[in-house]
1. So, Lys189, is that one over 26 Å from Asp98 (Cα atoms) and of a type in the set (Lys, Arg) or not?
2. Do you know which residues across region 111-144 are in contact with a Leu (Cβ under 9 Å, 6 or more places away or on another chain) and either more than 25 Å from Lys225 (Cα to Cα) or among the aliphatic types (A, V, I, L, M) (or both)?
3. Would you check which residues across region 129-149 are under 18 Å from His190 (Cβ atoms) and in contact (Cβ under 8 Å) with a residue 24 or more places away in the chain and list them?
4. Taking the condition of being exposed (fewer than 14 other Cβ atoms within 10 Å of the Cβ) and within 15 Å of Phe36 (Cα to Cα), how many residues in region 58-80 meet it?
5. Do we have Ile119 as part of a strand (DSSP E or B), buried (at least 16 other Cβ atoms within 10 Å of the Cβ) and at pLDDT 95 or above here?
6. Test of understanding: among Val181, Val111, Val130, Val166, which residue is in contact with a helix residue (DSSP H, G or I) (Cβ under 7 Å, 6 or more places away or on another chain) and of a type in the set (Val, Ile, Thr)?
7. Out of region 34-43, which residues are without any contact (Cβ under 8 Å) to a residue 60 or more places away in the chain and either surrounded by 14 or more Cβ atoms within 10 Å (Cβ to Cβ) or under 20 Å from Gln24 (Cα atoms) (or both)?
8. Does Asn124 satisfy the criteria of being out of contact with any His (no Cβ under 9 Å at 6 or more places or on another chain), not in a helix (DSSP H, G or I) and not aliphatic (A, V, I, L, M)?
Amino acid sequence: MSKFLTLLLSALLCFQTLSAQTKQRISVLGDSYSTFEGYIPEGNEPWYFQKIDTSRSDVLSVRQTWWWQLIKDGGYLLEKNESYSGATISYTGYNDDDYSPRSFITRLPRVGSPDILLIFGCTNDSWAGVKTGQYQYSDFKRGDLYFYRPALAKLLEEALSRLPNVDIYFIINSELRSDIVESTITICKHYGIKYIQLENIEKRWGHPTAKGMKSIATQVAKAIK
């Protein structure tokens, strides 16, 4: 091999390495909206499956999920998808069950080392009738975290402490309880966390259709650019 070809190949390899390094890495901390069987940590429950009843959903491929489209179209890399169906921000779940093992607070340390963290939550807190509680920004006790406002404050404070220099966004679903939405916006503003309020998301059984997934991807992409 000539010296010129050797230098050319070395330059191309160097360019490819630098190109990969410049791509931003995204982690998702989410609930059922961000799951897909085989693409979330083992043990986390999915809502979207490889084989799904088409009367339940028309999202049949991981490539139809909002986060896959966002990452592919935006030229990002996936760091970690730490999503769990039914997860709440608070420790309170459906029927007042203890959801602390799957809560966003518990799973936050598992998001890896992203450049961008997308937190897509509070849907289940809204649906499960979780009480908002009082605004609280310090001295959190375990009992406080069974209420939405203190739990969200704890989550965002921990995110900022664990992930310095990471761009953090909180995605707020459409059609949620007004007190949950208002509380989320107030707490995000307190911590300087950017939030994305979704609008007009098509759903079936309360979950995004393929069209709804595309709409989420488009709205999130617009916000983080």
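1. Numbers: over 26 Å from Asp98 (Cα atoms): yes; of a type in the set (Lys, Arg): yes.
Yes: the conditions hold for Lys189.
2. Across region 111-144, the qualifying residues are Val111, Leu117, Leu118, Ile119, Asp125, Ser126, Trp127.
3. Going residue by residue through region 129-149, those that are under 18 Å from His190 (Cβ atoms) are 132-140, 144-145, 147-149.
Answer for region 129-149, where residues must be under 18 Å from His190 (Cβ atoms) and in contact (Cβ under 8 Å) with a residue 24 or more places away in the chain: Thr132, Tyr135, Tyr137, Leu145, Phe147, Tyr148, Arg149.
4. 2
5. Yes; evaluated as a whole, the condition is true for this residue.
6. Step by step, each of Val181, Val111, Val130, Val166 is checked, and only Val130 is in contact with a helix residue (DSSP H, G or I) (Cβ under 7 Å, 6 or more places away or on another chain) and of a type in the set (Val, Ile, Thr).
7. Our first condition is that a residue be without any contact (Cβ under 8 Å) to a residue 60 or more places away in the chain; within region 34-43, this holds for 35-40, 42-43.
Correct list: Thr35, Phe36, Glu37, Tyr39, Ile40.
8. No.
The values are calculated or read from the model by the stated rules, or taken from the named source; none is laboratory data. None of these values were measured; they are calculated from a predicted model. Methodologically, a virtual Cβ is constructed for each residue, glycine included, from the backbone with ideal geometry; neighbour enumeration extends over all protein chains shown.
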